[in-house]
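The values are calculated or read from the model by the stated rules, or taken from the named source; none is laboratory data. Note that this is a predicted model, so its numbers are computed, not measured. Ideal geometry is used to build each Cβ from the backbone, glycine not excepted, and the neighbour counts take in all protein chains shown. Each accessible area value is taken on the protein alone, full model and side chains, heavy atoms only, with ligands, DNA and RNA left out. Shrake-Rupley method; radii C 1.70, N 1.55, O 1.52, S 1.80 Å.
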Amino acid sequence: MTSGSLWATLENSSLGSTIAGNEWMFPTIETIHVIAIVTVIGAIAVMDLRLLGLTSGTKSVAAMERDTLPVTWVAFAVAVISGLLLFVSKAQSYMANPYFLWKTALMALAGVNMAVFHRYFSKDVASWGVPGGAIPINAKLSATLSLALWMAIPFCGRVIGFTLGTYYAG
Ligand code: HEM
């Protein structure tokens, strides 16, 4: 099966055609997608701004991580499920759309950045942001990259809908 026919099979599946063919399903799922993604980006931005020392200076980084990470992961799970449902409904169009491909690549990069941060940079997080506990430069650089990526991802996401017809004639 070629990748092209895989996207066609997904799009023509009963799930794909049901979502695409129903007046309310796609906008309802996209609304859920938007609510989930603003929650993901909001929770990540709160953490990144703390790491950069720009907000919440009275609260330790570890305490803020405990508060925000569960919200981030639950919202991300909802964003992925709703995003995949949107994707299935027009899979061929999305796979022909450079903004969708860029968005996916940027999300992968944001995931790598987060994994490297948690795996290598945050060993001493308990001492960050408490009196006398400075936040290391590599953590600040990771936070800066994270903020930039989580601004670029929704930009690409937003442009997808405006450019679907440009890249895929269908
Ligand atoms: C947390 C990560 C994500 C963010 C920040 C994000 C961001 C966005 C944004 C801003 C939009 C435009 C919404 C609108 O115009 O109303 C969008 C649409 C979309 N997203 Fe995501 N998204 C994320 C995850 C995903 C995932 C994992 C997929 C799965 C493949 C996905 C697939 C889509 C699709 C298919 C659309 C619809 C484009 C359209 O036809 O308008 N997204 N996303």
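Descriptive notes on the structure:
- So residue 32, is it farther than 21 Å from residue 126 by Cβ, in contact (Cβ under 8 Å) with a residue 24 or more places away in the chain, assigned to a helix (DSSP H, G or I) and not aromatic (Phe, Trp, Tyr): yes
- Here 69, 101, 86 are screened, and the one residue that is at pLDDT 90 or above, away from the ligand (no atom under 13 Å from the Cβ) and part of a helix (DSSP H, G or I) is 69.
- Condition broken by residue 129, with the remaining ones in (1) in contact with a helix residue (DSSP H, G or I) (Cβ under 6 Å, 6 or more places away or on another chain); (2) open to solvent by 50 Å² or more (accessible area, probe 1.4 Å); (3) not in a helix (DSSP H, G or I) satisfied: (2)
- Of the residues screened, residue 141 is not one that is open to solvent by 50 Å² or more (accessible area, probe 1.4 Å), within 25 Å of residue 58 (Cα to Cα), modelled with pLDDT of 90 or more and within 16 Å of the chain's Cα centre (by Cα).
- Test: residue in region 36-54 that is farther than 30 Å from residue 129 by Cβ and within 12 Å of the ligand (Cβ to nearest atom): no
- Matching residues, region 21-62, being farther than 19 Å from residue 151 by Cα and basic (Lys, Arg): 59
- Evaluation of residue 79 against (1) surrounded by fewer than 19 Cβ atoms within 10 Å (Cβ to Cβ); (2) within 19 Å of residue 35 (Cα to Cα) (one fails), failing number: (1)
- Count of residues meeting criterion [without any contact (Cβ under 8 Å) to a residue 24 or more places away in the chain and within 16 Å of the chain's Cα centre (by Cα)] in region 88-119: 7
- Qualifying positions in region 84-125 - small (Gly, Ala, Ser) and either under 29 Å from residue 61 (Cβ atoms) or open to solvent by 50 Å² or more (accessible area, probe 1.4 Å) (or both): 105, 108, 110, 111, 115, 122
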